[in-house]
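These notes concern the structure reproduced below.
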Amino acid sequence: MPKYLISFEKGAMDHIPEEDFPEVGKTSHAVVQEAKDAGVFVFAGGLRYDDGDVEHAVVATDGLVTDGPYPESKELIGGLMIVDVPTREAALEWAAKTAVACRCAQDVRKFIHDPEAD
C-alpha cells in the first residue's frame, strides 16, 4: 500500500495556549493509537527546535558537516505521522483526524514507491 506523510510546519501550534497542551497531547496520542489499532500506523513524532540537546546538522554531498542554526529560509517540520493506507482519500481522513487533534492544518504527501525498499 502507499505510504503518506502527514505533517505540519514548525510554529503551526503556536496559537495554542500552554495550558491546553496536555489535552492536545492526549487527543494526538489517541489518533496515533487509533491508527495503530487500524493497522495503518508507521511512525509519528514531533520535532523540537528550542532544546539545547537537540542538534541540527546539514551534511553536504562532499561529506562536509555544517552544524545549525536552523536556516530561517527553510520550511521546518513541526510534527509528522506516516500512514500506510490504500488510497489518498484514506490518508486525507487520517490527516483530518490529526488536524482536529493537533488543532492545526496538516500537509499530506504521498511517498514515491521504491520496490527495493520493501
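Since every read-out is calculated from the coordinates, none of them should be taken as a lab result. Model, not experiment: these values are computed from the prediction. No Cβ is skipped: glycine too gets one built from the backbone with ideal geometry, and neighbour counts run over all protein chains shown.
Quick notes
- Zone of residue 93's modelled label, taken as backbone nitrogen in segment 14-35 under 12 Å from a point 7 Å along Cα→Cβ: 35
- Residue by residue, segment 89-101 carries 3J(HN,Hα) couplings of 4, 5, 4, 5, 5, 5, 5, 5, 5, 5, 4, 5, 5 Hz when phi is fed to the Karplus relation 6.51 cos²θ - 1.76 cosθ + 1.60 (θ = phi - 60°); x denotes Gly or Pro.
- A Förster radius of 25 Å combined with the Cβ-Cβ distance from residue 67 to residue 9 puts the calculated FRET efficiency at roughly 0.65.
- Global form of segment 3-113, assessed from the alpha-carbon gyration tensor, a/c cut-off 1.5: oblate
- Longest DSSP-loop-exposure-free segment, chymotrypsin sites (Phe, Trp or Tyr not before Pro), the chain, at most 16 other Cβ within 10 Å: 50-110
- Residues with amide H under 5 Å from that of residue 79, placed H, sequence gap 5 or more: 8, 47
- Taking every alpha-carbon pair under 8 Å whose residues sit at least 6 apart, the chain reaches a relative contact order of 50 percent.
- For the chain, the mean residue ellipticity at 222 nm estimated from helices alone is -9500 deg cm²/dmol, where every DSSP H run of n ≥ 4 contributes -39500 (n - 2.57) and the total is divided by all residues, rounded to the nearest 500.
- 65, 100, 40, 108 arranged by Cβ crowding within 10 Å, fewest neighbours leading: 65, 100, 108, 40
- Two-site FRET efficiency, residue 103 against residue 58, from Cβ-Cβ distance with R₀ of 41 Å, rounded to 0.05: 0.85
- In Hz, Karplus ³J(HN,Hα) per residue of segment 29-43 (6.51, -1.76, 1.60; θ = phi - 60°; x = Gly, Pro): 5, 5, 5, 4, 5, 4, 5, 5, 4, 7, x, 10, 6, 10, 6
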